[in-house]
Amino acid sequence: DVGLFDLIPARVNVFLLQLFVATGLWLWFRGRRFGKVVAETQLVEIPASLLVRSAAELQRRAKADDWASATIRSDFAARLRSEHRLGPDVGIDVVASTVAERTGYPHASLVQILHPNGDLDLGDLLSTIDHATPHVFTQAPVLVSAPANPSPSPGSLSP
């Protein structure tokens with residue numbers, strides 16, 4: 001009664017067992033790095049309009065400057081509305097005046113950037129947006145008037 005495994009030499013069986021154990025140890029060693037997800041702060045903030053600018057540059061090379069400028073302007077206006085908590089249906093004149101009031105950035109420059117029929121070519125538009133970005137996207141505080149000495153609400157602990 002000779003079986004198939006009896007035909008394999010003992011050293012080959014030991015080798016296969018060692019190979020199996022070594023592979024298991026290697027997989028355990030490589031897999032131990034995968035644990036719970038750790039939330040880390042983002043060290044480098046990539047501008048949200050970088051992709052839009054790249055697309056605009058490609059469109060400019062394809063001789064579609066009007067489309068590229070409109071895309072850049074709409075992206076900038078959407079970012080301004082989001083940053084300053086303005087509704088999506090707010091007009092560009094209201095956006096420009098509100099942002100200028102809150103940040104101190106010149107109203108005329110904002111209108112020049114945001115106006116759909118502006119006279120800036122694509123290169124000037126991008127440089128103007130680059131100049132305006134650090135001034136208007138600095139997590140501007142929301143201007144809310146609060147009472148100087150608020151009365152405690154019912155059910156809250158008073159100091």
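We did not get these values from a lab; they are worked out from the coordinates using the rules stated. No experiment lies behind these values; they were computed from the predicted model shown.
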Could you give each residue of region 15-25 its phi-based ³J(HN,Hα) in whole Hz, using Karplus coefficients 6.51, -1.76, 1.60 with θ = phi - 60°, and x for Gly or Pro? 4, 5, 5, 4, 5, 5, 5, 5, 5, x, 5
Rounded to whole Hz, the Karplus (6.51, -1.76, 1.60) HN-Hα couplings of region 89-104, x for glycine and proline: 9, 6, x, 5, 5, 5, 4, 4, 5, 5, 5, 5, 5, 6, 10, x
Estimated vicinal HN-Hα couplings, Hz - region 4-9 in sequence order (Karplus 6.51, -1.76, 1.60; Gly, Pro = x): 5, 6, 6, 7, 8, x
